[in-house]
Amino acid sequence: MAKKIILAYSGGLDTSVSVRWLKEKGFSVVCFLADVGQGQDFQVAKKRAHKAGAAKVIVGNLKKEFVEDFIWPSLKANAVYESKYLLATALSRPLIAKKLVEVAHTEGAKLVAHGSTGKGNDQVRFEVSIGALDSKLKVIAPVREWDLPTREAEIRYAKVHKIPIDVTKKKPYSLDKNLWGISIESGKLEDPWFEPKEDVFQITKPIEKSPNKACYLKIYFKKGVPKKLNGKTLNAIALIKKLNEIGGRYSIGRSDLIEDRLVGIKSREVYEAPAAKILLEAHKALESLVLDRETLYFKDIVSLRYSRLIYDGLWYTPLKEALDKFVEHTQRNVEGVVNVKLLKGTASAVGRKSPNSLYKEELATYGKGDKFDQSLAKGFIELWGLPYRKKR
Ligand code: ARG
């Protein structure tokens with residue numbers, strides 16, 4: 001009997017060719033299609049997998065788990081990689097890895113596979129996560145092994161094996177999409193000087209075509225998690241979808257960067273993440289109101305480390321667990337409303353309020369009712385500057 005292998009299947013060229021390639025190698029291929037909010041036609045993908053030679057196709061709706069167990073922890077930590085990447089792709093990988101392991105267990109398989117190349121971060125994220133969850137599973141990465149050096153060679157392979165692939169229009173970029181954003185790379189973007197044209201962007205309008213009138217969003221958070229939009233309670237998925245839609249219209253959340261991959265190369269990446277950007281701005285604005293200075297400063301350090309850890313595929317690690325405990329503890333008082341103004345590509349917090357606010361108007365005011373005792377400042381400054389006073 002053919003050995004069973006569970007393949008993380010996306011419906012694209014690489015993974016469709018992988019199905020066939022694995023089958024040719026004598027495996028019985030079970031495809032796992034993860035729904036992380038990419039808005040794909042799963043019926044089409046399922047059919048394609050079968051045509052390519054899959055013995056079975058499983059579609060997993062992972063959206064809720066993705067938001068609750070991956071996106072929200074990342075938001076609470078204000079995770080951003082290299083100042084510009086809100087980690088949409090990176091966050092989905094450990095979840096997909098977890099599901100691959102679960103499916104391998106229920107299907108009684110000892111092998112799993114993914115369609116990532118040998119040059120990217122995703123292979124690392126998949127394999128480190130799989131190993132951390134079940135080190136007995138063996139991973140195969142067909143793209144790293146096969147003798148199909150170019151996209152054209154893959155297309156030829158697909159044609160020969162009658163795998164239905166959309167080859168009529170040349171795919172200009174490589175896309176990876178989920179609820180938290182879209183990653184766009186390759187093609188013309190490989191030239192760092194090339195300005196991304198509008199055909200690059202998938203969910204955001206050009207700034208020039210975004211409304212001239214601002215839009216205000218009131219976002220209510222509890223324990224660091226957004227719960228209401230403009231007074232209306234929304235479930236997590238609906239809230240993110242709504243913010244992607246509104247933010248997209250206002251051209252929010254685009255970024256263009258030269259990014260440092262784990263495998264040592266720099267790459268040109270373009271991202272769109274309207275909801276993520278809006279929520280990050282709002283969350284940070286609320287934290288600045290309710291957290292004390294030292295916690296805020298320390299949390300910034302943790303945030304940097306946490307972002308690296310997501311990027312580097314170290315989700316299932318003791319450090320991640322420990323940092324989660326810290327971050328979680330800081331979120332106890334992160335409750336309140338932030339007023340976010342969207343206009344021409346920017347999302348800015350213009351108002352914030354909280355029952356746990358540490359802001360004291362009677363101390364901050366320069367107007368009536370000032371309770372700040374300015375006479376205390378003199379002694380404070382004397383001691384603060386004492387070590388640095390120079391004798392003349
Ligand atoms: N550079 C980003 C990352 O490492 C995006 C990767 C996009 N992946 C893809 N298969 N197109 O997270």
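The values are calculated or read from the model by the stated rules, or taken from the named source; none is laboratory data. Since this is a predicted model, take the numbers as computed values, not measurements. Here the Cβ positions follow ideal geometry from the backbone for every residue, glycine too, while neighbour counts run over all protein chains shown.
Assorted remarks:
- Condition check for L309: within 16 Å of the ligand (Cβ to nearest atom), without any contact (Cβ under 8 Å) to a residue 24 or more places away in the chain and under 19 Å from A276 (Cβ atoms): yes
- One residue from L257, L296, L309 being of a type in the set (A, V, I, L, M, F, W, C), touching a helix residue (DSSP H, G or I) at 6+ places or on another chain (Cβ under 6 Å) and either surrounded by fewer than 17 Cβ atoms within 10 Å (Cβ to Cβ) or modelled with pLDDT of 95 or more (or both): L309
- On inspection, R249 does not qualify as within 16 Å of the ligand (Cβ to nearest atom) and at pLDDT 95 or above.
- Matching option when the condition is surrounded by 18 or more Cβ atoms within 10 Å (Cβ to Cβ), more than 30 Å from P94 (Cβ to Cβ) and not small (G, A, S), among R352, R389: R352
- Any pair with Cβ under 8 angstrom, 6 or more apart, that starts in segment 116-145 at a residue that is of a type in the set (K, R) and ends at one that is away from the ligand (no atom under 16 Å from the Cβ) and not in a helix (DSSP H, G or I): K136/K110; K138/K110; K138/L111; K138/V112
- Restricting attention to segment 185-216 and to residues that are surrounded by 12 or more Cβ atoms within 10 Å (Cβ to Cβ) and of a type in the set (F, W, Y), the residue that is farthest from N230 (Cα to Cα) turns out to be F194.
- Pairs linking a residue in segment 181-206 that is under 25 Å from L280 (Cβ atoms) to a residue that is in a loop (DSSP other than H, G, I, E, B) and within 11 Å of the ligand (Cβ to nearest atom), with Cβ atoms under 7 Å and 6 or more positions apart or on different chains, are G181/L86; I184/Y173; E185/Y173; L189/Y173; V200/Y173.
- Answer residue from segment 174-206, given it is within 16 Å of the ligand (Cβ to nearest atom), part of a loop (DSSP other than H, G, I, E, B) and not aromatic (F, W, Y) and is nearest to L91 (Cα to Cα) among those: L179
- Of the residues D122, D69, the single one that is acidic (D, E), within 11 Å of the ligand (Cβ to nearest atom) and either under 25 Å from V327 (Cβ atoms) or in contact with a strand residue (DSSP E or B) (Cβ under 9 Å, 6 or more places away or on another chain) (or both) is D122.
- Subset of segment 66-122 [in contact with a Lys or Arg (Cβ under 8 Å, 6 or more places away or on another chain), assigned to a loop (DSSP other than H, G, I, E, B) and surrounded by fewer than 18 Cβ atoms within 10 Å (Cβ to Cβ)]: G108, K110, T117, G118, K119
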